[in-house]
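Below is one structure; the comments refer to it alone.
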Amino acid sequence: MQNKIYTDNAATTAMDPRVLDAMLPYFLDVYANANSAHQPGRQAHVAVEESREKIAGIIGAEPAEIVFTSGGTESNNAAIGGVLAATGKSHVITSNAEHHAVLHPVASAANRGIDSTLLPVDQTGKVSAADVAAAIGPHTALVSLMHGNNEVGTLNPIDEIAAVCRSNGVLFHSDTVQTVGKIPVHVDALGVDFLSMSAHKFYGPKGVGALYIRSGSAWKPWMEGGSQERRRRGGTLNVPGIVGMGKALELAASEMLENRTHVEKLKHALMQGLTERLGTAVQFNGDPQNGLFNIVNCSFVHPAERAIDGEMLLLNLDIEGIYCSNGSACTSGAIEASHVLLALGIPYDMAKSSIRFSLGKNNTIDEIPLIIDKTEAILRRMTSQKL
Ligand SMILES: *Cc1c(COP(=O)(O)O)cnc(C)c1O
C-alpha cells in the first residue's frame, strides 16, 4: 500500500513476512492431514504440536490446555457455550462493552432460558471487581470479561476479577484477543480459567486462533466431529495456520518491548498533534493514559453545532489513503453509534462522531504528521473552517 497509511490494526494486522515463510512448507509440501498415521501426517502432527508448545509456553499454560480454533469468535463462543452446557447452571455475567463475539452468544443463551447480567462499565470502559462480586449468585456458571477493549483500548482489572470468581467457585473466561502478543498475558498471573486469542491480531494469519482451557474446568466441546484436539474440537487441523500462529506469537513475545516502545511513541505523537491543532474540538475516549498503547479513539465536536459526522470523516480519510475505523455497525443500512462508546456514557452524537486509529509495528513516525494534517484539513472542510 504505497502512500497509504493503515491505522486499523485492531481490526486486523498485516502478516509478518517471517510468519509467511514459516507457513509456506505446509501448503505444498507437508500438506498431509495431521491426524493421519503415515509419515507426512506425522510430520504435520509434529509441526502442530511444536506450535502448541510454543503458544502454551508463552502464556504459561500446559500444551494440553490449548485447543486450536478458527479464531477469536469461535473461541469466545466455545468458552461460553461449552461452560453453560457442562455446568448446567443458568446464569452468565458479562459487560455491555464486550465484543459482539461475546455479547451475541450471551444473548442467544438468554433466548434459551439462561439469565444474563450485563454489568455497566465506568466512563473509561472498565468493569469493577466489586460489581462482579455483587452479581454472582448460586446459579452463576461463568463470568466473561475482556482484557483489552478493541474499540477504546481500556484494560479491565482481570486479576482482581479472577480472584472474585475463584473465591465464589465461578469459572472465568477472558477475551484476550487484543492483548495477547502486545502485553504480557499469563494464565496464572491473570487467574483465568479460559482465554481466547486470534492470530491475525498479532501479525499472524486470519482464520486461526486458540482457546485456553484450564485443566479440570467444567467444559463441553462446542464443535463436534472427529477426535481431533483430544475430542475437544472436531475438524481437520489448519496446519499452515497453526504453524503461522505459533511463529507469530513467538515473534510478538520476543519483540514485545521494542514494538511497544515504538508504537507508544506514535500514539503519543498522534494524540499530542491532534490536541495542538484541534484543542477542545477533539476528545479522547476510553482510558488514553493507562489503556492499550496502540489505540487512539477520538470524537470531534463542532463548537457551535452538533458533533461531527464520524462516518463522513472516515470516508474522507479513506479517500486520502488513511485507513482507520469506527465502532459503528451498519445494521440494515442505518449507521448506529458504537455500543461500547454508549456503554461509557458518551452521548449519542459524540459516539457517532468517533473514529479509531489503531497503530501497529509497521506504522512509522513520518506517518503521524500526515494523519494529523489530513484529519485537520478534512475537519475544517466539514465545518467550513469553524474549528
Ligand atoms: C477481533 C476480535 C475478536 C474476533 O476475532 P476473530 O479472530 O476475528 O474471530 C474478538 N474479540 C476481540 C476483542 C477482537 O478484537
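The values are calculated or read from the model by the stated rules, or taken from the named source; none is laboratory data. It should be emphasised that the depicted structure is a prediction, and the values quoted were computed from it without experimental measurement. When we count neighbours, we look across all protein chains shown, and the Cβ atoms used for this are built from the backbone with ideal geometry, even at glycine.
Points worth noting:
- Leu20 vs. criteria within 14 Å of the ligand (Cβ to nearest atom) and surrounded by fewer than 23 Cβ atoms within 10 Å (Cβ to Cβ): no
- Test: Thr236 is more than 16 Å from the ligand (Cβ to nearest atom), among the hydroxyl-bearing types (Ser, Thr, Tyr) and without any contact (Cβ under 8 Å) to a residue 40 or more places away in the chain: no
- Condition check for Leu155: over 18 Å from Lys201 (Cα atoms), under 17 Å from the mean Cα position of the chain (by Cα) and surrounded by fewer than 23 Cβ atoms within 10 Å (Cβ to Cβ): no
- The listed residue being surrounded by fewer than 22 Cβ atoms within 10 Å (Cβ to Cβ), at positive phi and not acidic (Asp, Glu), out of Gly234, Gly207, Gly226: Gly207
- Neighbours by Cβ (under 9 Å, 6+ apart or cross-chain): first from region 12-32, polar (S, T, N, Q); second surrounded by fewer than 17 Cβ atoms within 10 Å (Cβ to Cβ): Thr12/Lys206; Thr13/Asn362
- Count - residues of region 184-205 that are assigned to a strand (DSSP E or B) and touching a Leu at 6+ places or on another chain (Cβ under 9 Å): 4
- Residues (touching a strand residue (DSSP E or B) at 6+ places or on another chain (Cβ under 8 Å), in a loop (DSSP other than H, G, I, E, B) and of a type outside the set (A, V, I, L, M, F, W, C)) located in region 1-33: Lys4, Thr7, Asn9
- Candidate set from region 1-17 (those that are of a type in the set (Val, Ile, Thr) and within 21 Å of Lys247 (Cβ to Cβ)); member that is surrounded by the fewest Cβ atoms within 10 Å (Cβ to Cβ): Thr12
- Of the helices (runs of 4 or more DSSP H) lying entirely inside region 216-315, those containing at least 1 residues that are within 27 Å of Ile58 (Cβ to Cβ) and touching a Phe, Trp or Tyr at 6+ places or on another chain (Cβ under 6 Å) are 239-254, 256-278.
- Yes/no for Arg112 being away from the ligand (no atom under 16 Å from the Cβ), among the basic types (Lys, Arg) and without any contact (Cβ under 8 Å) to a residue 24 or more places away in the chain: yes
- Within region 165-183, being of a type in the set (A, V, I, L, M) and either within 30 Å of Pro17 (Cα to Cα) or assigned to a loop (DSSP other than H, G, I, E, B) (or both) holds for Val170, Val177, Val180, Ile183.
- Some residue of region 255-272 being free of Cβ contacts under 8 Å to residues at least 12 places away in the same chain, polar (S, T, N, Q) and either assigned by TED's automatic domain parsing to the domain that holds Ala377 or within 16 Å of the ligand (Cβ to nearest atom) (or both): yes
- Pairs, first farther than 15 Å from Gly234 by Cα and within 16 Å of the ligand (Cβ to nearest atom) in region 71-95, second modelled with pLDDT under 95 and outside any helix (DSSP H, G or I), C-beta under 6 Å, six or more apart: Gly81/Trp222
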